[in-house]
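One structure is given here, and the rest of the page talks about it.
Just so it is clear, none of the values below were taken in a lab; they were calculated from the coordinates. As the structure is a prediction and not an experimental result, all values here were calculated from the model. Virtual Cβ from ideal backbone geometry, glycine too; neighbours counted across all protein chains shown.
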Amino acid sequence: MSATSARPSHAAQPSGGAFILKKALISALVALVLFSLMIGVRTEAGPQGGLIYWTRFGDLAALVATVFGGSIIVELLRQWWGPIDKDSLVPKPVQSAMSFAGRWLAPALLVFAFLVPVIFYDQRYILDLSILVLTYVMLGWGLNVVVGLAGLLDLGYVAFYAVGAYSYALLATNFGLSFWVCLPLAGILAAFWGVLLGFPVLRLRGDYLAIVTLAFGEIIRLVIINWQSLTGGPNGVSGIPRPTMFGIPLDNSDSGLAARLGIEFSPTHRLVFLFYLILAMALLTNWVTIRLRRLPIGRAWEALREDEVACRALGINTTTTKLTAFATGAMFGGFAGAFFATRQGFISPESFTFQESALVLAIVVLGGMGSQLGVALSALTMIGGFELFRGFDQYRMLVFGIAMVLLMIWRPRGLIGHRAPTVFLERNQAISSDLVKEGHG
Amino acid sequence: MSGDHILTVDRLMMRFGGIVAVNELSFAAERRKITALIGPNGAGKTTVFNCITGFYRPSGGAIRLAHDDGRTIQLERLNDFRISKQAKVARTFQNIRLFPGMTALENLMVAQHNALMRASGLTVLGLLGLPSWREAERRAIDLARAWLDRVGLLDRADDAAGNLPYGDQRRLEIARAMCTEPALLCLDEPAAGLNARESGGLNELLLSIRNEQGTSILLIEHDMSVVMEISDHVVVMDYGVKIAEGTPQAVRDDPKVIAAYLGADEEEAIAVMESGT
Amino acid sequence: MDYFAQQLINGLVLGSIYGLIAIGYTMVYGIVGMINFAHGDIFMIGGFIALISFLVLVSLGLTAIPLILLIVLLVSMAITALYGWTIERIAYRPLRHSFRLAPMLSAIGMSFVLTNFSQVSQGARVKPVPPIITGGYTLHEGSQGFAVQLSNIQIMVVLATIVVLALFTWLVSRTRLGRDMRACEQDQTMAALLGVDVDRTISMTFVIGAALAAVAGMMYLLYYGLVDFFMGFVAGIKAFTAAVLGGIGSLPGAMLGGLAIGLIETFWSAYFSVEYKDVAAFSILIVVLIFMPTGLLGRPEVEKV
């Protein structure tokens, strides 16, 4: 943290005003070239169809100046802090305070989650946002089984989310099946697709698996767009029935919940119901995952992530083990998809793009691979942070991308960087993430 | 040498492209005995191991495993995880392959995967937390504890395997292999990188596995003190073929063996001649 | 038959563009072992810079089309290369020895940054340009009035690809830089011990990959007559698919994969359905990988036990 902890090897680094200035100048020069045409000249399709352009040298100058100033500030900060040492980045007292807080964080979050509809009953916006966050928490926990535990890189997770959403939407609109019948069906169908994809491709390793899952995600999306007779194509499916509280609709009708209870109807009722529904689904996902980790199948997933060859030498069928991980993750994605469909009442292929897969993957990796609490925290940070920029719609994804890069550089191993053992004799001690492998499948 | 053979390797061939790594190799390992496979670097020992344990599919020949109950299994027809699951052959690796991010105890629990999968009703019973599963899990932990005790790692049970010192990792890997309850234990250079004291401890451990568990052991080793001290039978390979076999004494005095080691590496040859004396 | 020949030409032209982008993926993968998700967007930036520089040059009064094209090519290659260099410096180098997923997510983030940067700076609407290179040849007059056409722009795309590839092959196989690159691909630590500047070599890899993507971007602009901020994503995924199909890490494989994807896409559109052309390309990728897990020209992975 302080400059005194600088090691000799770092001390040799050049410093001083001239150096900083030179660095800043180079940065500014690079920025000038990079932005010269992209910022300095603005093109647009003109009224006659041809292209017109106008210059924005003011903006360009401002941007280059910002880079120059920013570079100086960053360099000054870096020299003031001294070399960044991962261990000393967070001072010891703060670390111990954090670990103390960590023990109470999960229960506190849980209690808070249960109280959200009570506290924010009048604030529709916050309720809506909480539902969104919980949906991503659930997706993150689902993908965590595949990526975090089994170490299989899945870049097409959104495909299973889409399968779940469309399963419910189509079954409900075409056959009038209720949400509660469709929910398990959506999960089973998604798991089925997971197995169907997984069976041939799971012997691929590393980035080959990544590109195949990515391709699969795109295939599903493209089929949804183009199979118009079934899915409605780009227009999507609308009029998806809202969930009922075990048969009692949450609407303004005479048979609705409000009428039966004899209270005044309010649309918030449904929101609160949806909130508790997704909370229950997410917690179920969490409970099942925690349970599975302590069962032989879960241990085999983690062992697979650590060393596949050793697994085979121990008689573990790696193919079925990978398939179960894939199918379990897909199933949770399918559940979340069905929920998404019933919450929105309308779905279209636009909701199931690669960006969505990338977002969920980012939540898992930033959370700290395999950590349930970490995933919940990072979903909260990412989705919540994303909402902060609601006003600046244009810049939202830009800022999101920058944040993703910075967060990865800051914490490549995620927020919660240790692994909790699944069984212990005497001491339940966390394992440092430096030892934990991340798989290559 | 007659007797009760657990493993019979019959004219094993292994080719990689145009290179013949193992050429018509035949040997047998006796039940409840320690058989050592030695030879200079590049003789093809690890290739033989990989054929026996299903990581390579042999180009030719047969590998038969005769279980205590009279079942005979053709290992060259099984592959991959089935060697361990069905044929009950366990192995360790030359460059230790533990699960570094899991604790020592967890490593041994993973080794009992197949038994535990059955006990957990393929996860369903386990997910429900039925008493029969809890009982099975408790027994698995007891077995793991017993093996941790045997290899002297009981107090490190909850430490990450990757954090253990090298010698401990070697012993943990053997314990992990033993938790699969194998009929044949294949060890790929178990003493590599151990100091004299550790390698003495290893000898005792292997002898006790043979005597108490009745497990047959096949080992590749460079450390001649280990080979000479504990092996019941030694097979010597060079350039993919067997050049000698017999008791440690007989092999040590065999001029062909000495020549092979001299030709390959003088120091090793001297080690062969001097060890055990 | 004529129809087939025409589709073959179209497919090869499209495939050349994919191949040029795919080389960037495969080079980076070979040396750093990461999927540079932002590479598709580098291609898009290359297209934009070609468009803008073209516009500026024309309005400055230049009229000689070949001269304009040459300047546009050099400018877009240079600036796009600088984009490649900067991205490596900012987003990947700090994560060089980190865990595998961190640079990948950083790359995905960078891809978002580039996409949205060009959306913010140049607007979301498609930018059309009038055809710059016109004319062509009729190769064969069919009996049913169908003629096989080979347009000048198609010739130019293929020629440019061949020239660029020849230069590139010379660079990799004959120069000191190429030798350093191949050394780093084999073993970075050893290369560093033998005096190879690993950082610089990796930087140069990104620079060269981005320059090739800029050529592809300019060809795309000339061939299709438009650019938009989102084109990098689709083209990037296709090119990456091509790189994997050809065997990632293999340079001829990338070109071969590019041509294969271009042909599959064109023929599928011509004979089956346009809507499912991407589905066809991705499905064939999956099928090929099932039977050849390391792609067409990839080195088989030897499992060391």
Legend entry - Environment charge at B:His233 (Cβ cut-off 9 Å; Lys +1, Arg +1, Asp -1, Glu -1): -2
Inset, instruction - Just tell me how shielded A:208-218 is by partners: mean number of partner chain Cβ atoms within 10 Å of each residue's Cβ, no decimals. - result: 6
Legend entry - Inter-label distance for A:Leu21 and A:Trp227, nm, one decimal - labels placed 7 Å from Cα along Cα-to-Cβ: 6.7 nm
Legend entry - Semi-axis lengths (Å, descending) of the ellipsoid that matches the C-alpha gyration tensor of the range C:231-288: 19, 12, 10
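Work out the FRET efficiency for A:Thr173 and A:Ser253 from their Cβ-Cβ distance, taking R0 = 25 Å, and round it to the nearest 0.05. All intermediate terms of the calculation are to be shown ahead of the outcome.
Numbers: r = 20 Å, r/R0 = 0.78.
My answer for the efficiency is 0.80.
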Inset, instruction - Determine the gain in length on full extension of the stretch A:Phe246-A:Phe392; use 0.36 nm per residue of separation and subtract their C-alpha separation, reporting nm with one decimal. - result: 48.5 nm
Inset, instruction - Over the alpha-carbon set of the range C:13-232, work out the extent along each principal axis and list the three values in angstrom, largest first. - result: 63, 39, 37
Inset, instruction - For the protein assembly as shown, compute Rh as the Kirkwood radius over C-alpha pairs and then the Stokes-Einstein diffusion coefficient at 10 °C and 1.306 mPa s; write the answer in µm²/s, rounded to an integer. - result: 50 µm²/s
Legend entry - Paramagnetic label zone (point 7 Å from Cα along Cα-to-C-beta, C:Glu141; backbone N under 17 Å) in the range C:1-19: C:2-3
Inset, instruction - Round to the nearest 10 and give me the degree value, 0 to 90, for the angle of helix A:206-226's Cα axis relative to the longest principal axis of chain A. - result: 50 degrees
Inset, instruction - Work the Kirkwood hydrodynamic radius out for chain A: mean of 1/r over every pair of different alpha-carbon atoms, inverted, in Å. - result: 24.7 Å
Inset, instruction - With r as the distance between the Cβ atoms of B:His222 and B:Glu24 and R0 = 22 Å, compute the FRET efficiency 1/(1 + (r/R0)^6) and round to 0.05. - result: 0.35
Inset, instruction - Largest first and to the nearest Å, give the Cα extent of the range C:154-217 along each principal axis. - result: 46, 20, 14
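How much length, in nm to one decimal, is gained on full extension between A:Phe424 and A:Arg291, taken as 0.36 nm per residue of separation minus their Cα-Cα distance? Don't jump to the answer; show the numbers that get you there.
Details: separation 133, 0.36 × 133 = 47.88 nm, distance 1.52 nm.
That works out to 46.4 nm of additional length.
Place the peptides C:51-63, B:164-176, A:310-322 in order of packing, highest mean first, counting for every residue the other Cβ atoms within 10 Å and averaging per peptide. Walk me through the intermediate numbers first.
Working: C:51-63: 16.5, B:164-176: 21.0, A:310-322: 22.9.
Highest mean packing first, the order is A:310-322, B:164-176, C:51-63.
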Legend entry - Largest-first ellipsoid semi-axes for chain B, taking √(5λ) over the Cα gyration tensor eigenvalues, angstrom: 33, 22, 16
Inset, instruction - Before anything else, pin down the relative contact order of chain C: Cα pairs under 8 Å, at least 6 apart, normalised by residue count, whole percent. - result: 36 percent
Legend entry - C-alpha long axis of helix C:65-87 to longest principal axis of chain C, angle in °: 30 degrees
Legend entry - Principal axis dimensions, the range A:301-343 - Cα atoms, whole angstrom, descending: 47, 16, 8
Inset, instruction - Any of B:Lys45/B:Lys256; B:Lys33/B:Lys85; A:Lys23/A:Lys437; A:Lys322/C:Lys277; B:Lys45/B:Lys88 with alpha carbons more than 26 Å apart? Name them for me. - result: A:Lys23/A:Lys437; A:Lys322/C:Lys277
Legend entry - Label-point separation in nm, A:Trp104 to B:Ala62, each point 7 Å along Cα→Cβ: 7.1 nm
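For a quick check: sort A:Leu284, B:Leu7 by the number of other beta carbons within 10 angstrom, fewest at the front.
Values: A:Leu284 14, B:Leu7 22.
Listed from fewest to most nearby Cβ atoms, that is A:Leu284, B:Leu7.
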Legend entry - Helix axis angle, A:92-119 relative to chain A longest principal axis, alpha carbon, degrees: 30 degrees
Legend entry - For the range B:95-181, radius of gyration divided by Kirkwood radius, i.e. Rg to Rh on alpha-carbons: 1.01
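By how many nm would the segment from C:Gln186 to C:Leu167 grow when fully extended, if each residue of separation counts as 0.36 nm and the alpha-carbon distance is taken off? Write down the numbers at each step before the final one.
Details: separation 19, 0.36 × 19 = 6.84 nm, distance 2.26 nm.
Fully extending the segment from C:Gln186 to C:Leu167 adds 4.6 nm.
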Inset, instruction - Compute the FRET efficiency between C:Phe4 and C:Leu193 as 1/(1 + (r/R0)^6), taking r as their Cβ-Cβ distance and R0 = 41 Å, and round to the nearest 0.05. - result: 0.15
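Quick check for me: using +1 on Lys/Arg Cβ and -1 on Asp/Glu Cβ, what's the dipole size of chain B about its Cα centre, in debye to the nearest 20?
Working: 30 positive and 37 negative charges, 248 e Å.
Around 1200 debye, computed over chain B.
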Legend entry - Residue-count net charge about A:Glu350 - beta-carbon cut-off 11 Å; Lys, Arg +1, Asp, Glu -1: 0
